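As structure tokens, the structure follows; a few thoughts come after it.
Quick note: the coordinates plus some simple rules give every number you see, no bench work behind them. Only a predicted model underlies this, so the values are computations on that prediction, with no experimental measurement involved. Virtual Cβ from ideal backbone geometry, glycine too; neighbours counted across all protein chains shown.
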Amino acid sequence: MTKTDENLKAAFAGESQANRMYLAFAKKAEEEGFPQIALLFKAAAQSETVHALNHLTVMGQVKSTADNLGTAVSGETYEFKKMYPDFIADAKKDGNKPAEMSFDFANKVEQIHAALYQKALDALKAKKQPAKVDYYVCPVCGNTFEGSAPDICPICSTLKEKFMKIE
């Protein structure tokens with residue numbers, strides 16, 4: 001790997017993290033009654049997304065849909081089988097209950113994501129379009145559902161009306 005390849009990878013990670021951080025900052029600014037500052041954070045977040053996508057493209061990481069689904073299945077599977085279980089163990093050892101809960105939520109949902117990606121990949125391999133369904137995401141734990149949201153999230157107990165429909 002060249003130094004430029006390493007720099008592209010680091011830049012992609014940094015820009016991606018900045019996007020998420022600025023969106024969190026925008027939400028806080030809105031909660032505190034600063035709509036213009038929230039808008040600024042949202043604009044910067046979108047700009048960071050442009051940068052991240054440019055870097056990812058230059059790295060050659062955006063491939064065919066089948067390849068991208070395979071990458072997604074592999075990444076999600078690694079997260080729920082190895083990464084998050086290790087993180088949960090460390091959080092328990094450190095006595096950090098909020099981190100343990102955050103890691104546990106993510107761990108449970110990554111398994112769901114892997115299954116959804118695999119289902120889409122299987123349809124693609126069978127030369128079929130995946131069934132048209134709506135997706136709903138829990139705003140607390142990220143749990144992801146096809147079709148409709150449950151009355152109560154089975155991971156964190158959030159009520160159906162709080163779920164976000166993905167458009």
Fewest first, what order do 109, 58 take by the number of other Cβ atoms within 10 Å?
58, 109
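Quick one: if the Förster radius is 35 Å, what FRET efficiency do residue 78 and residue 2 give, using the C-beta to C-beta distance and rounding to 0.05? All intermediate terms of the calculation are to be shown ahead of the outcome.
Working: r = 25 Å, r/R0 = 0.71.
Plugging the Cβ-Cβ distance into 1/(1 + (r/R0)^6) gives 0.90.
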Order these by the 10 Å Cβ neighbour count, fewest first: 165, 28.
165, 28
Report Rg (one decimal) and Dmax (nearest whole number) for the stretch 64-128, counting Cα atoms only, units Å.
14.5, 49
Flagged as over-length at 32 Å C-alpha distance, from 97/119; 81/127; 93/119, the pairs are 97/119; 93/119
Count neighbours as other Cβ atoms within 10 Å of each site's Cβ, and list the GluC sites (Glu not before Pro) in the stretch 29-96 that are DSSP loop with at most 11 such neighbours.
32
Please list 3J(HN,Hα) in residue order for the stretch 21-33, calculated via the Karplus relation 6.51 cos²θ - 1.76 cosθ + 1.60 where θ = phi - 60°; whole Hz, with x for glycine and proline.
5, 5, 5, 5, 5, 5, 4, 5, 4, 4, 4, 8, x
Sorting 158, 65 on the 10 Å Cβ count, fewest up front, what's the list?
65, 158
